[in-house]
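> Shown below is the structure under consideration.
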Amino acid sequence: MDIIKASGLTHDYITYDEDERPISVRHALENVDLAIEEGQFVAILGHNGSGKSTFAKHINALLLPTAGTVTVGGMDIADEANLWDIRQLAGMVFQNPDNQIIATVVEEDVAFGPENMGVPTKELEKRVAEALAAVGMTAFAKESPNKLSGGQKQRIAIAGALAMRPRCIVFDESTAMLDPSGRKEVVATMHRLNREEGITVLLITHYMDEAVGADRVIVLDGGHIAMDGTPKQVFARTEELLNLGMQLPKVTQLANALTAEGLPLPAPILTEEELIEELCRLRSKI
Ligand code: ADP
Ligand code: MG
């Protein structure tokens, strides 16, 4: 089943002067058709301004289409009667962990969303405990979020989204402000939630290596879908990616450089494990 479906999705940002006359129109998304299957881990790539965040904000009905439709769990986002159900079904985690944490105690922060939804106390406690366990932060339940590292804060923000029991979570550059170890923590958490809880993950990122583990990679450019395929399919298109202002994952770059030096490696190589395996295979032939 498609958990997210955009049909002919167009979004224009219109700026108005003081007399409310439109002075400029920015076409952020143009006629995008995109269906995402429930349970998939989808990475969305694209250089700055390609329309990634604009797309993400439709999934939570933070923005509505200028033209076309978006359904989330079969519900039309433009129908106001669906707003509550859509926000419950699709969680969002943003870039800056400091802007997403509101309470002064971790467990209260995680409880915030479902508490506002009127979830009864007993059920609330259970959800908070489960959400903290799912992100490996149980030991910090009574701590102040101020004392946590960036990666830990993002895991608390994820727990807050999880406590709403979403079927889908959209991560909009949620690792951009983290150091490498914080990024690893958070990406591993996303994969575990996808694998073990069946949560659909949409990972918007500018780190190519984070897209390697996805089931599907979508590349946006100028409000259009430029590429859509498996990581192998997308990262094989080196020239086009470079032309779109993107790079290849580090390991892929290294493997390509070795190929240019005459080592017969298959392309594209996406992980360190694959590279090691291929190099060992070559050595065994010497
Ligand atoms: P990305 O997340 O891929 O960097 P965005 O979806 O934020 O891209 O932006 C897509 C386009 O829309 C860009 O050209 C950007 O400048 C423009 N844009 C984004 N937000 C606004 C806004 N609030 N008002 C006007 N233009 C905007
Ligand atoms: Mg963005």
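The values are calculated or read from the model by the stated rules, or taken from the named source; none is laboratory data. Predicted model, so just to flag it, every value in this text is computed and none were measured. Every residue, glycine among them, receives a Cβ derived from its backbone with ideal geometry; neighbour counts consider all protein chains shown.
> Thr15: surrounded by fewer than 21 Cβ atoms within 10 Å (Cβ to Cβ) and over 27 Å from Val187 (Cα atoms), yes or no?
Against the criterion (surrounded by fewer than 21 Cβ atoms within 10 Å (Cβ to Cβ) and over 27 Å from Val187 (Cα atoms)), Thr15 qualifies.
> If you don't mind, another one. What residue, of Leu45, Leu64, is under 28 Å from Lys153 (Cβ atoms) and within 16 Å of ligand 1 (Cβ to nearest atom)?
Result: Leu45 is the single residue among Leu45, Leu64 that is under 28 Å from Lys153 (Cβ atoms) and within 16 Å of ligand 1 (Cβ to nearest atom).
> Would you point out which residue out of Ile276, Ile204, Ile286 is among the β-branched types (Val, Ile, Thr) and either within 21 Å of Ile4 (Cα to Cα) or within 16 Å of ligand 2 (Cβ to nearest atom) (or both)?
Ile204
> Continuing with the same structure: Yes or no: Ala159 under 18 Å from the mean Cα position of the chain (by Cα) and not in a strand (DSSP E or B)?
Considered against the rule, which asks whether it is under 18 Å from the mean Cα position of the chain (by Cα) and not in a strand (DSSP E or B), Ala159 comes out as yes.
> Let me ask something else about it. Which of the residues spanning segment 144-191 are modelled with pLDDT under 90 and in contact with a His (Cβ under 9 Å, 6 or more places away or on another chain)?
Residue satisfying the conditions is Ala176 alone.
> Considering each of Val119, Val128 in turn, give the residue that is within 25 Å of Arg195 (Cα to Cα) and among the β-branched types (Val, Ile, Thr).
The conditions single out Val128.
> Here are some residues: Ala139, Ala163. Which one is buried (at least 24 other Cβ atoms within 10 Å of the Cβ), closer than 15 Å to Val105 by Cβ and without any contact (Cβ under 8 Å) to a residue 60 or more places away in the chain?
Within the list Ala139, Ala163, the selection yields Ala163.
> Then there is this: Can you list the helices (runs of 4 or more DSSP H) found entirely within segment 207-285 that contain at least 2 residues being touching a Pro at 6+ places or on another chain (Cβ under 7 Å) and in contact (Cβ under 8 Å) with a residue 40 or more places away in the chain?
In segment 207-285, 208-211 are the helices (runs of 4 or more DSSP H) which contain 2 or more residues that are touching a Pro at 6+ places or on another chain (Cβ under 7 Å) and in contact (Cβ under 8 Å) with a residue 40 or more places away in the chain.
> Does Thr200 meet the test of being touching a Lys or Arg at 6+ places or on another chain (Cβ under 7 Å), buried (at least 19 other Cβ atoms within 10 Å of the Cβ) and not acidic (Asp, Glu)?
In short, yes.
> Go through segment 1-26 and give me each residue that's at pLDDT 95 or above, within 16 Å of ligand 1 (Cβ to nearest atom) and over 19 Å from Val170 (Cβ atoms).
Residues satisfying the conditions are Thr10, Asp12, Tyr13.
> Next question. Tell me whether segment 62-81 contains one or more residues that are more than 16 Å from ligand 2 (Cβ to nearest atom), in contact with a Gly (Cβ under 6 Å, 6 or more places away or on another chain) and not in a loop (DSSP other than H, G, I, E, B).
Within segment 62-81, one or more residues are more than 16 Å from ligand 2 (Cβ to nearest atom), in contact with a Gly (Cβ under 6 Å, 6 or more places away or on another chain) and not in a loop (DSSP other than H, G, I, E, B).
> Scanning segment 100-120 for residues that are among the β-branched types (Val, Ile, Thr) and modelled with pLDDT under 95, which turns out nearest to the chain's Cα centre (by Cα)?
Ile101
> Could you tell me which numbered condition Thr175 fails, if it satisfies all but one of (1) within 25 Å of Gly49 (Cα to Cα); (2) outside any loop (DSSP other than H, G, I, E, B); (3) β-branched (Val, Ile, Thr)?
(2) is the only condition that Thr175 fails.
> State which residue is farthest from Arg283 (Cα to Cα) when the search covers only segment 231-270 and only residues that are surrounded by 13 or more Cβ atoms within 10 Å (Cβ to Cβ) and of a type in the set (S, T, N, Q).
Residue satisfying both the conditions and the ranking: Gln247.
> For segment 94-122, give me each residue that is crowded, with 22+ Cβ neighbours inside 10 Å and in contact with a Ser or Thr (Cβ under 9 Å, 6 or more places away or on another chain).
Pro97, Val106
> Kindly indicate the residue of segment 41-59 that is surrounded by fewer than 20 Cβ atoms within 10 Å (Cβ to Cβ) and part of a loop (DSSP other than H, G, I, E, B) and also farthest from ligand 2 (Cβ to nearest atom) among those meeting that condition.
His47
> Next up: State yes or no: is Ala103 assigned to a loop (DSSP other than H, G, I, E, B), in contact with a helix residue (DSSP H, G or I) (Cβ under 6 Å, 6 or more places away or on another chain), within 16 Å of ligand 1 (Cβ to nearest atom) and among the hydrophobic types (A, V, I, L, M, F, W, C)?
No: the conditions fail for Ala103.
> Go through segment 11-40 and give me each residue that's assigned to a strand (DSSP E or B) and among the charged types (D, E, K, R).
Asp12, Arg26, Glu30, Asp33, Glu37, listed by residue number.
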